[in-house]
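A short write-up of the structure that comes next.
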Amino acid sequence: MATLTMAKALNEGLRSAMERDPKVLIMGEDVGRLGGVFRVTDGLQKDFGEDRVIDTPLAESGIIGTAVGLAIRGFRPVCEIQFDGFVFPAFDQIVSQVARMHYRSAGHVKMPLTIRIPYGGGIGAVEHHSESPETYFAHTAGLKVLTCSHPADAFTMIQPAIACDDPIVFFEPKRRYWDKADVDPDVAASASCWSAEVAREGTTATLITYGPSVRTCLDAAAAAESDGQDLEVVDLRALSPIDWETVFASVRKTQHAVVVSEAPLFASLAAEIAARITEHCFYSLEAPVLRVGGASTPYPASRVEEDFLPDLDRVLDAVDRALGW
Amino acid sequence: MTEALLPQPSEGPDFVQLLTPEGERVEHPDYSLDVTDDEVRGLYRDLVLVRRIDTEATALQRQGELGLWASLLGQEAAQVGAGRSLSEGDFAFPTYREHGVAYCKGVDPVTLLGLFRGTSQGGWDPQDHGFALYTIVIGSQTLHATGYAMGMQRDGGSGAVMAFFGDGASSQGDVNEAFVWASVFNAPVVFFCQNNQWAISEPLEKQTRIPLYQRAQGFGFPGVRVDGNDVLAVLAVTRAALARARDGDGPLLIEAYTYRMGAHTTSDDPTRYRLAAELETWKLKDPIERVKAYLSRRGAGDAEFFAAVDAESDALAAHVRAGCLALPDPDPLTMFDHVYAGGSSLLDEEREQMSTYLASFAEAAR
Amino acid sequence: MADFALPDLGEGLTEAEILRWLVAVGDRVTLNQPIVEVETAKAAVEIPSPYAGVVKTLHHSAGDTIDVGAPLISFDVEGESGTVRPEGEQPAEFLVGSGPKPSARTRRARVAPVAPMPPVVTQADRPQPARVAAAAVGERAERLVAQVHVLAKPPVRKLARDLGVDLRVISGTGAHATITRADVEAAAAGVPSPGGARSPVGAVIDVDPATRERRIPIKGVRKATAAAMVQSAFTAPQVSEFVTVDVTPMMELVTRLRAHPDFDGIAVSPLLLVARSLVLAIARHPMINSSWDDEAQEIVVKDYINLGIATATERGLIVPNIKDAGRLSLPELGAALNRLVASARAGRATPSDLSRGTVTITNVGVFGVDTGTPILNPGEAAILCFGAVRDQPWVHEGRIEIRNVTQLAVTFDHRIVDGQLGSEFLADVAGQLADPWQLVTWR
């Protein structure tokens, strides 16, 4: 058992994946010699060589497009997009090619890519460095989407993601890169990354969340105890496909649901979650499913980001509204 | 996959230089420059002030007053040379590092700080000084520049456009598409590439097999490489390129061969990927030292002059510092402003909800 | 004195290690002079002094790892250097620039109560959106809420559906006039809701002059009752039998009971003795007090008699019942009858009163009607119909005399009660009313 930051836990997970399968490649800007701008790929080029850990030219579309070709050849590329806001030059390759290749080829061609993207805000960054674009990818058929919320999950989820034969967009909450926790390196790499986790059990209301907002919700639940509220927190972990069973069971128990994520509210993934809960848990709901998210604006100047992002107070405000319905 | 696959330019027709690193005037067959002592003194002053803006902003970042700063240290001559070639009717499309070009275009450096302090996303009007907003997504601005130039072609504008980008950006699809557009439409755009040798940790060899200025030929327009640390050479080459564009002769690629003396941004640690020896080599090619040496040697700049420039740079630094600290924290509700030109009822509603929500607290959070 | 905290040095770093101090306590430093070298997860950096002044305190030593935002160094600051932050303004305790700020762990105090989100109604021809004042938002919520036809939460809706209750006729007693679970249960039992605002029976509906017809919506108790009747009529095969009885002795007993001290304060009526007869007859013929459980394929014979009395009220016919009527003494039964009828007429019958009945008496005599073919209360096997008591010529001890005569009818569920049982039961009841002394000697 070691106490690792999330960045380090991902590093260890990548290392394990590369040791296990010689077809695994890592490619992206500054991932090799520098070890990544967040040091997630630190030391890997030194140990696995430049042919497997590749510093690419500065072109996101090029990274993903060439990864498609490598995948067709039988490799298992792990692509890094340096920041969430820079994925859009690659969006066409991801949506038009990566997501559809298996479908187009009637199953002959697999796209076992993992596209790692640091995402989310709350780090006082400049434009394009704090986005939450997960909805676009969850909405795209043919892709699977995962997101870890803490170091142990980072370690265990990245490995089956890489091993998965479907293309996975793997979102890493950058504001949690420096969170530390105990990580058991012996946890089986086959541990499921597709199930949601009840991060905190409760009875009053369910907070459904993922990625950077999980810790926010756990903090909110802790603070809510003094208000006599016993909140359950469900960490989705997988955004596509979603583990509906865990979600529905929780909502049927607590009868109140609040979905929390950083993404701008309008037409976000939270909306799909709310709709589906309403459909499947209708007779259990004492209040409509509420959503807490970013304002429906572009990510603002960082000096106001704390008001843009869902924080403890906003989460609990939503809980109060749900309970008071 | 090793370094030094590209020949290091030092002299010859493929490398325009008019002032050596030691401060000696030299000639180039294709580019000449008639410049007075007064003008050179002015350029020296520009270089010193631009560097001082940059070092002050870097210090402010280290002191927590800016979240980030992208330093142009070492690239002053490239930016001042290009900036001083742009005339009133010309338009500049920068990346996020062209603080020297901004200065030359008359933009108050404090205007640039909001973006890095996190109090705005930029927020200036490009038409104020013919200087577009900083573009952080790599290379996008080259297409914008080309489109703007195409606009000038269509509405009788007599100016030209200069698109700034770096060596790393030359790999981006957008930049190559801009080359295509500019060439087939014969647009009056000068592509000014500051090849500072590094894209964060990736050296030039990761982006190209040939010298960057030669890329232009493949697209059908001329390319020229200039000593980016030589303000006189940059001035000469950019003047010629802009005149050519204004005359309707189409695009041109300038590769300003320079060096990123600092980190990519203040979040970067260059000691992890490049050798100190390389830095030392480039210190010997400092853009300001050579001008100082030139002025001193020919008696065009004395101690009094240099001291006056230093004093002026101190004052400018103080202005930058004070301006930075005085930048107001925006009201949270401003996040809803300007999302749409035509307004949005959804956002009006969200603004209202946030306003009510914020007012419901006994104390403000921040 | 000015303090300087460790800033975030790059995109969200949370801590840094002090590698070495470049100044010492007492040193005079200029603005931007490098004062310390720190190492973060990303880089080793020199931090330049934000002040000109004299170093007063170094808050940590080389080798220490400190959090972003923690105090790093303090200065005695020069009076006026032009670049120093104005007196009185301290650098923010938290990082001014970038970095993940320490997240809140507790709630901030609220001054305004939490308002529920108003349901958003977008109209197709919505004009230029006006800024809604905060106070008006609550009002708008109320108005919008009132426009919605039925207000009941999904779990309550499900309950209503299961109980066959139409939510449209119920006035809710919950917040914002929502219908609660209790409201639904009350409606299911046929109790008029306390709100009373939506009573369809009392509603005045005008004749449409065009058609000369008056259309009354089928809702509420009427609808529920109708549904029950239909269900009863078309589920159980129902047979009615009739008997005409000389109840003169029973009427004399009523008079005597009224004068008896045990019945002080109790309104004694013939219905009381009919009820008593019924209860005793059931004791001798228990199958009458049963129900047909089709799902379980069982006949449930009950050992308790919850005696329902069909009662006409303003809202329609309801059937409250007296629980365990078989165990009550005659005075207790009388009192119970009084209470039941009074509360039903006043609209105060509870859901409990209205449920779990096992047998019913319907008293048509109060209307001057002789008899009828009553329909079974669903879930019961028999219903007794008690008609008017009339003075009629009767053969009494061989002579024609004017006697008190009444008709009794019983409808029974022929799946459970055959003709013999039904007849014997009816004769039993009739016999007791004809010879009341049986009420005393039996049981």
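The values are calculated or read from the model by the stated rules, or taken from the named source; none is laboratory data. Small disclaimer: the values here were computed from a predicted structure and weren't measured. Glycine also receives a Cβ, built like all others from the backbone with ideal geometry; neighbour counts cover every protein chain displayed.
For the reader, a short list of remarks on this structure follows.
- In region C:386-443, the residue that is nearest to C:A233 (Cα to Cα) out of those that are charged (D, E, K, R) and free of Cβ contacts under 8 Å to residues at least 60 places away in the same chain is C:D418.
- Restricting the first member to region A:279-304 and to residues that are without any contact (Cβ under 8 Å) to a residue 60 or more places away in the chain and outside the structural domain of A:P133 (by TED's automatic domain parsing), and the second to residues that are part of a strand (DSSP E or B) and surrounded by fewer than 22 Cβ atoms within 10 Å (Cβ to Cβ), the beta-carbon pairs closer than 9 Å and six or more apart or on different chains are A:G293/A:P264; A:A295/A:P264; A:S296/A:P264; A:T297/A:P264; A:P298/A:P264.
- The one condition from (1) away from chain C (no Cβ under 14 Å); (2) surrounded by fewer than 17 Cβ atoms within 10 Å (Cβ to Cβ); (3) closer than 28 Å to C:L13 by Cα that A:Y210 does not meet is (2).
- Residue that is farthest from the other protein chains (Cβ to nearest Cβ) [pool: residues in region A:21-44 that are acidic (D, E) and at negative phi]: A:D21
- Output for region C:6-52, where each listed residue is at the interface with another protein chain (Cβ under 8 Å from one of its Cβ atoms), outside any loop (DSSP other than H, G, I, E, B) and among the aliphatic types (A, V, I, L, M): C:A44, C:V45, C:I47
- Residue, surrounded by the fewest Cβ atoms within 10 Å (Cβ to Cβ), within region A:119-132, restricted to residues that are assigned to a loop (DSSP other than H, G, I, E, B) and within 10 Å of the chain's Cα centre (by Cα): A:S132
- Some residue of region A:11-29 being farther than 23 Å from A:L70 by Cα and assigned by TED's automatic domain parsing to the domain that holds A:R176: yes
- With respect to the stated conditions, C:L253 fails to be under 18 Å from C:N363 (Cα atoms) and either among the hydrophobic types (A, V, I, L, M, F, W, C) or buried (at least 20 other Cβ atoms within 10 Å of the Cβ) (or both).
- Checklist (1) in a loop (DSSP other than H, G, I, E, B); (2) buried (at least 18 other Cβ atoms within 10 Å of the Cβ); (3) outside the structural domain of A:Y119 (by TED's automatic domain parsing) applied to A:T203, failing item: (2)
- Looking at region B:108-168, the helices (runs of 4 or more DSSP H) lying wholly inside it that each contain 1 or more residues that are in contact with a Gly (Cβ under 7 Å, 6 or more places away or on another chain), of a type in the set (V, I, T) and away from chain A (no Cβ under 14 Å) sit at B:109-117.
- Here is the figure for region B:169-204: residues that are more than 19 Å from B:L242 (Cβ to Cβ), polar (S, T, N, Q) and either free of Cβ contacts under 8 Å to residues at least 40 places away in the same chain or part of a helix (DSSP H, G or I) (or both) total 4.
- If you check B:R244, B:R209 for being part of a loop (DSSP other than H, G, I, E, B) and either charged (D, E, K, R) or away from chain A (no Cβ under 14 Å) (or both), only one passes: B:R209.
- Candidates in region A:78-103 are the residues that are of a type in the set (D, E) and either under 18 Å from the mean Cα position of the chain (by Cα) or away from every other protein chain (no Cβ under 13 Å) (or both); of these, the one that is nearest to A:P173 (Cα to Cα) is A:D84.
- Residue in region C:68-79 that is surrounded by fewer than 18 Cβ atoms within 10 Å (Cβ to Cβ), within 14 Å of chain B (Cβ to nearest Cβ) and touching a residue at least 40 places away in the same chain (Cβ under 8 Å) present: yes
- Residue within region C:387-407 that is under 41 Å from the mean Cα position of the chain (by Cα) and either farther than 18 Å from C:M251 by Cβ or among the basic types (K, R) (or both) present: no
- Matching residues, region A:292-325, being among the acidic types (D, E) and either more than 7 Å from every other protein chain (Cβ to nearest Cβ) or touching a Leu at 6+ places or on another chain (Cβ under 6 Å) (or both): A:E305
- Which numbered condition B:R215 fails, given (1) outside any helix (DSSP H, G or I); (2) within 14 Å of chain A (Cβ to nearest Cβ): (1)
- Count of region B:124-147 residues which are more than 25 Å from B:I200 (Cβ to Cβ) and not hydrophobic (A, V, I, L, M, F, W, C): 8
- Helices (runs of 4 or more DSSP H) lying entirely in region B:261-366 (those with 1 or more residues that are in contact with a Gly (Cβ under 8 Å, 6 or more places away or on another chain)): B:276-283, B:287-297, B:303-326
- Residue check for C:N377: touching a residue at least 40 places away in the same chain (Cβ under 8 Å) and closer than 20 Å to C:I266 by Cα: no
- Members of region B:309-359 that are free of Cβ contacts under 8 Å to residues at least 60 places away in the same chain, small (G, A, S) and in contact with a helix residue (DSSP H, G or I) (Cβ under 8 Å, 6 or more places away or on another chain): B:S355, B:A359
- Considering each residue of region A:251-271 in turn, none proves to be surrounded by fewer than 18 Cβ atoms within 10 Å (Cβ to Cβ), away from chain B (no Cβ under 14 Å) and aliphatic (A, V, I, L, M).
- Matching residues, region A:52-66, being more than 16 Å from B:V175 (Cβ to Cβ) and either free of Cβ contacts under 8 Å to residues at least 12 places away in the same chain or in contact with a Lys or Arg (Cβ under 6 Å, 6 or more places away or on another chain) (or both): A:D55
- Applying the criterion of at least 1 residues that are buried (at least 24 other Cβ atoms within 10 Å of the Cβ) and touching a helix residue (DSSP H, G or I) at 6+ places or on another chain (Cβ under 9 Å) to the strands (runs of 3 or more DSSP E) found wholly in region A:1-87 leaves A:24-28, A:53-55, A:76-80.
- When the residues of region C:315-335 are filtered to those that are small (G, A, S) and assigned to a helix (DSSP H, G or I), the one that is nearest to the chain's Cα centre (by Cα) is C:A325.
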